[in-house]
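Here is the structure we will look at, set down as structure tokens.
The values are calculated or read from the model by the stated rules, or taken from the named source; none is laboratory data. Predicted, not measured: the structure shown is a model, and the values here were computed from it. As a convention, Cβ positions derive from the backbone with ideal geometry for all residues, glycine included, and neighbour counts pool all protein chains shown. These area figures cover heavy atoms from the full protein model, side chains too; ligands, DNA and RNA do not enter into them. Shrake-Rupley method; radii C 1.70, N 1.55, O 1.52, S 1.80 Å.
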Amino acid sequence: MAQPRIPAARSAAAGLQAQNGAASASGSPYTNGPVQNTLMSSQVSSSQGYDSQLPGSYPRPMPAKTLNPFSAQSNYGGSQGPGQTLTSPLVTSSPLPPSLHSGPVPRMPLSTSQNPAAAPMPSGSFLPGTNPPPPLSWQYNYPSTGPQTNHFPHVAQPTIPENTNLTTDHQYVSSGDPALQTSFKKPGSALPLQNPPLPPTFQPGAPPGPPPAGGPPPSRGPMLQKTPPRAALPPSLNSAVNQEGITSNANNGSMVAHSTYDEIEGGGFLATPQHVNQNPRTSRSVGSAYPSLPPGYQNSAPPVAGMPPSSLNYPSGPQAFTQTPLGANHLTASMSGLSLHPEGLRVVNLLQERNMLPSTPLQPPVPNLLEDIQKLNCNPELFRCTLTSVPQSQALLNKAKLPLGLLLHPFKDLVLPVVTSSTIVRCRSCRTYINPFVSFLDQRRWKCNLCYRVNDVPEEFMYNPLTRVYGEPHKRPEVQNATIEFMAPSEYMLRPPQPPVYLFVFDVSHNAIETGYLNSVCQSLLDNLDLLPGNTRTKIGFITFDSTIHFYSLQEGLSQPQMLIVSDIDDVFIPMPENLLVNLNESKELVQDLLKTLPQMFTKTLETQSALGPALQAAFKLISPTGGRMSVFQTQLPTLGVGALKPREEPNQRSSAKEIHLTPSTDFYKKLALDCSGQQAAVDLFLLSGQYSDLASLGCISRYSAGSVYYYPSYHHQHNPVQVQKLQKELHRYLTRKIGFEAVMRIRCTKGLSIHTFHGNFFVRSTDLLSLPNVNPDAGYAVQMSVEESLTDTQLVSFQSALLYTSSKGERRIRVHTLCLPVVSTLNEVFLGADVQAISGLLANMAVDRSVTASLSDARDALVNAVIDSLSAYRASVLSSQQPGLMVPFSLRLFPLFVLALLKQKSFQTGTNVRLDERIFAMCQVKNQPLVHLMLTTHPSLYRVDNLSDEGALNINDRTIPQPPILQLSVEKLSRDGAFLMDAGAVLMLWVGRNCSQNFLSQVLGVQNYASIPQTMTDLPELDTPESARMIAFISWLREQRPFFPILYVIREESLMKAAFLQNLVEDRTESALSYYEFLLHIQQQVNK
């Protein structure tokens, strides 16, 4: 294989700085090895199952009956208690063998990127750059540092001598520093990998599975494979030898040995620049008026009443197919007939028109596109851009002072078309999946809408199997749906698909037992055991810990589970690896027995210490051969072994300007998370604690492994019963929801645009490839973008996200979303298409990073300056005459309100009433929630509910759901003779006025008078009255639309919860924040300077 080329300027030290994490906690290096047997025959056996002789497959489990029986409780590694005492693992092969490869071992330095705390930024500047902007303002453009994340050819770089060690180019590239994201390799070359040989053949009968997240074969232990940031592309459509030197046949369905994720999903480079369209000006267009999808494909879910119409409803009615290319002139002529929505051109004086909040949920702006294109566009619930009209140059974007970015909810629960064709049609250059916004030049050729390359239509794609019509490729579902899912063929895998593996890790210290959480969790698991996503291969295991670590043997044939104790927490090992993670179907009775007895096993414990770090190490060693999901329950600050933490919160300094404790106090949890990510394991953390637990440090275990954090402050089964109800409801969702394993996600964009910063829970594997060991339907992501090259030659740009994952049924799937937006050349049009919710959501993500890298006060100042800068730009460059007041474009009429709401949100508010863990959890939610939930948490919805009616109500499944108007968040809107429901996302608060009508009190609350309302009322009685039915229907409908369970608090005027209710009235003045009107006056003063 040819040696890759990398920029000569990148020294070894500089190259290694681009990694997301340090060396693994166990000291294992991150290495790669030579690929062998790169040519695979497509004529292989179709037998099912896994062959343990293949290096890439899972180790065959040892027969369950070969183990010597142990006593009910055996003690390993220490001298406590009866039983066998060992000082070394029982098994002959340690789960963590030393590295097998010879030669220099690259050591990964400490990251400075994905953990923002490690890379201090200039105060007031969110993005690093050579010329920092004025203090406390965000710089939305991305400073040029050489080649960017743009998927197009670059000049050849100086070569490296044949025998040069290439480890400097094996990188984990972060999202933080621009200089760390520019390591490219020459098209047509492949890195000499250093991994154990891949299997020479794969069984096509087995469901396609993914590679280990860049890891070596699972049996080798937790070594993260170092993936080149830009591995070469999968086979091209019409060449016998592709860019990696791997032989393939002419179609995409060929079977090829891949060694990295970049190869499998398809890197973003143009590997064949000579084929790029040389005359893009006349043909950078999208085919409009595609014939619609045949009725047989209309299998999308019916739209839910009250929700915005989904773009997944497919229109019907065939149209004539024209083979005439759509040129730019044709498109411009069509676009010129569009009239902009007259309301969008309004200029609003916010000082005179403060009440701009609509009475119905705010809808995202509709891009200014031809109707035939827009009806095919991606649903904004899944994929939306901060600017629905993209500026044609970075200069224009800079002038607007608005951020350009995308907000994604890629794995949202959907009913969507699934394509099972053996040929997945993709652009040969940039590897974009064919989508509704490509152009068909004729029946045999289509033009990519991202890089404009002309591609051949494969023969298989000419036939539509549903309509049984040949010669209409533009009617295939791939070209009729902006959101679609493919069943991936076997070249999208490196190993057989992993089984669903669920490992539960429970804190059983005295503090944990005192909370009573174990009863709730074990009961929820018992109730939902049969509903866990999976198949006959599903595996499950349990670990408990206090000052020691307890494993549970669930070997088939045992009469009861056996506890195995490892007391040596400084050198953790797995006592019986083959019987601790067991097949759920085969050992279900033992699992049920364990769940029934576990809560009682530790009731008399006096052990107060918590060895969370060693327990996580043990869980990692146990799950690393296959990957899977770890669910960790913790109730206190870890105090023993690696990862032990000390209290850092000082209550009197909670609101100090320099919030030094937003950063982790140790990198142990981040390093372990990176090891987990490498072995396809994600960690979900459930923190149930009334005391400070340093979530800033503990949360890293979930953030970098693509897990989630759940926080239940002051959880107690008797003193806080509403938290028990919340935990049970959310556990049901958590245990039964859809899950994707060993996933990667890549976002592509039209030539000229580039992505430079990602937000969310993941690991950045290369410049634009996110590693997601688990992906769940409740996770959101955000990215920041810049305009690298002028877009003057095109009228449309497209963005495409591709999520490659393994389903719980063992199927390898690819979910693709494509968004198309117009390009504009004037500042007025940029403002006209601004999506104020998406802008606010992206700014919130940026502000969390700023809080960690600089300070909380810097983040707050930058949020305020974001409003001032954009409105100043509008006033200076768009308004024809300078008028008194605060003049804003109609699209940004709610921008100051939403930013003020962010300043009062727990993440960013000042004052001493926010505990540090609560603030950190709120920041975790900002980074990991889909936009719709983030906005509801930031700016709650307020309804008057004491006189609900059926007028304007929704009818869903024979239920009538009242739709009261949304009110401004101000005490002005409250009255003592009414009842008001505030929906703040994670909590519902029903405030009942002192003079509320007797009818509401008796017919809804079921009490005789106001004084009879209980102080701690958290449930409404189900009364046989129409008023009660309407109220319960409305609250149930609100709860159904989110993955978490909001507790309902009924609040009287003297209730303790009244302060929390008033805190959410963001338009009113609080002890530490301005009222909305005062904030507008401040903005006006700054804008008019």
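For region 808-833, residues that are touching a Phe, Trp or Tyr at 6+ places or on another chain (Cβ under 8 Å) and outside any helix (DSSP H, G or I) total 11. Summed over region 800-820, the residues that are surrounded by fewer than 22 Cβ atoms within 10 Å (Cβ to Cβ) and within 20 Å of VAL366 (Cβ to Cβ) give a count of 0. Number of residues in region 968-988 that are in contact with a helix residue (DSSP H, G or I) (Cβ under 8 Å, 6 or more places away or on another chain) and without any contact (Cβ under 8 Å) to a residue 60 or more places away in the chain equals 3.
Restricting attention to region 462-483, the residues that are touching a Lys or Arg at 6+ places or on another chain (Cβ under 8 Å) and crowded, with 21+ Cβ neighbours inside 10 Å total 1. State all residues of region 691-707 that are touching a residue at least 60 places away in the same chain (Cβ under 8 Å) and within 22 Å of THR515 (Cα to Cα); if no residue qualifies, say none. Once the filter is applied, which keeps residues that are touching a residue at least 60 places away in the same chain (Cβ under 8 Å) and within 22 Å of THR515 (Cα to Cα), region 691-707 yields TYR692, SER693, ASP694, LEU695, LEU698, GLY699.
Let's see how each residue does on (1) among the charged types (D, E, K, R); (2) within 24 Å of HIS756 (Cα to Cα):
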| residue | (1), (2) |
| --- | --- |
| THR423 | no, no |
| CYS427 | no, yes |
| PHE440 | no, no |
| LYS447 | yes, no |
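The set of residues in region 435-458 that are free of Cβ contacts under 8 Å to residues at least 40 places away in the same chain and open to solvent by 30 Å² or more (accessible area, probe 1.4 Å) comprises ARG444, ARG445. On the stretch given as region 844-863, residues that are modelled with pLDDT under 95 and out of contact with any helix residue (DSSP H, G or I) (no Cβ under 7 Å at 6 or more places or on another chain) total 4. Of all residues in region 598-607, those that are surrounded by 13 or more Cβ atoms within 10 Å (Cβ to Cβ) and of a type outside the set (A, V, I, L, M, F, W, C) total 3. If I filter region 888-905 for residues that are of a type in the set (Ser, Thr, Tyr), in a helix (DSSP H, G or I) and modelled with pLDDT of 90 or more, do I get at least one hit? The answer is yes; a qualifying residue exists. Is it true that VAL848 is touching a residue at least 40 places away in the same chain (Cβ under 8 Å) and over 23 Å from the mean Cα position of the chain (by Cα)? Answer is no for this residue. Here ILE1035 fulfils each of the conditions (1) under 31 Å from the mean Cα position of the chain (by Cα); (2) β-branched (Val, Ile, Thr); (3) open to solvent by 20 Å² or more (accessible area, probe 1.4 Å) apart from (3). The set of residues in region 834-849 that are touching a Phe, Trp or Tyr at 6+ places or on another chain (Cβ under 8 Å) and within 15 Å of TYR781 (Cβ to Cβ) comprises MET846, ASP849. Does ASN379 qualify as being in a loop (DSSP other than H, G, I, E, B), modelled with pLDDT of 95 or more and closer than 30 Å to LEU897 by Cα? Considered against the rule, which asks whether it is in a loop (DSSP other than H, G, I, E, B), modelled with pLDDT of 95 or more and closer than 30 Å to LEU897 by Cα, ASN379 comes out as yes. Among the residues of region 409-430, the ones that are open to solvent by less than 10 Å² (accessible area, probe 1.4 Å) and either over 25 Å from LEU369 (Cα atoms) or touching a residue at least 40 places away in the same chain (Cβ under 8 Å) (or both) come to 9 in all. Taken residue by residue, region 621-637 has at least one member that is at pLDDT 95 or above, more than 24 Å from LYS726 (Cβ to Cβ) and open to solvent by 30 Å² or more (accessible area, probe 1.4 Å). Within region 726-749, is there a residue that is closer than 27 Å to PRO500 by Cβ and small (Gly, Ala, Ser)? Yes: region 726-749 contains one or more residues that are closer than 27 Å to PRO500 by Cβ and small (Gly, Ala, Ser). The single condition among (1) open to solvent by 20 Å² or more (accessible area, probe 1.4 Å); (2) over 27 Å from GLN998 (Cβ atoms); (3) of a type outside the set (Gly, Ala, Ser) that ARG976 does not meet is (2). Highlighted here are the strands (runs of 3 or more DSSP E) found entirely within region 674-774 that include at least 3 residues which are open to solvent by 10 Å² or more (accessible area, probe 1.4 Å): 709-711.
With TYR1076, TYR1049 as the choices, which residue is modelled with pLDDT of 95 or more, in contact with a Lys or Arg (Cβ under 9 Å, 6 or more places away or on another chain), buried (at least 18 other Cβ atoms within 10 Å of the Cβ) and among the hydroxyl-bearing types (Ser, Thr, Tyr)?
Values: TYR1049 fails: in contact with a Lys or Arg (Cβ under 9 Å, 6 or more places away or on another chain).
Of TYR1076, TYR1049, the one residue that is modelled with pLDDT of 95 or more, in contact with a Lys or Arg (Cβ under 9 Å, 6 or more places away or on another chain), buried (at least 18 other Cβ atoms within 10 Å of the Cβ) and among the hydroxyl-bearing types (Ser, Thr, Tyr) is TYR1076.
Would you check if LEU590 is outside any loop (DSSP other than H, G, I, E, B), free of Cβ contacts under 8 Å to residues at least 40 places away in the same chain and either on the phi < 0 side of the Ramachandran plot or out of contact with any Cys (no Cβ under 8 Å at 6 or more places or on another chain) (or both)? So LEU590 fits the description; yes.
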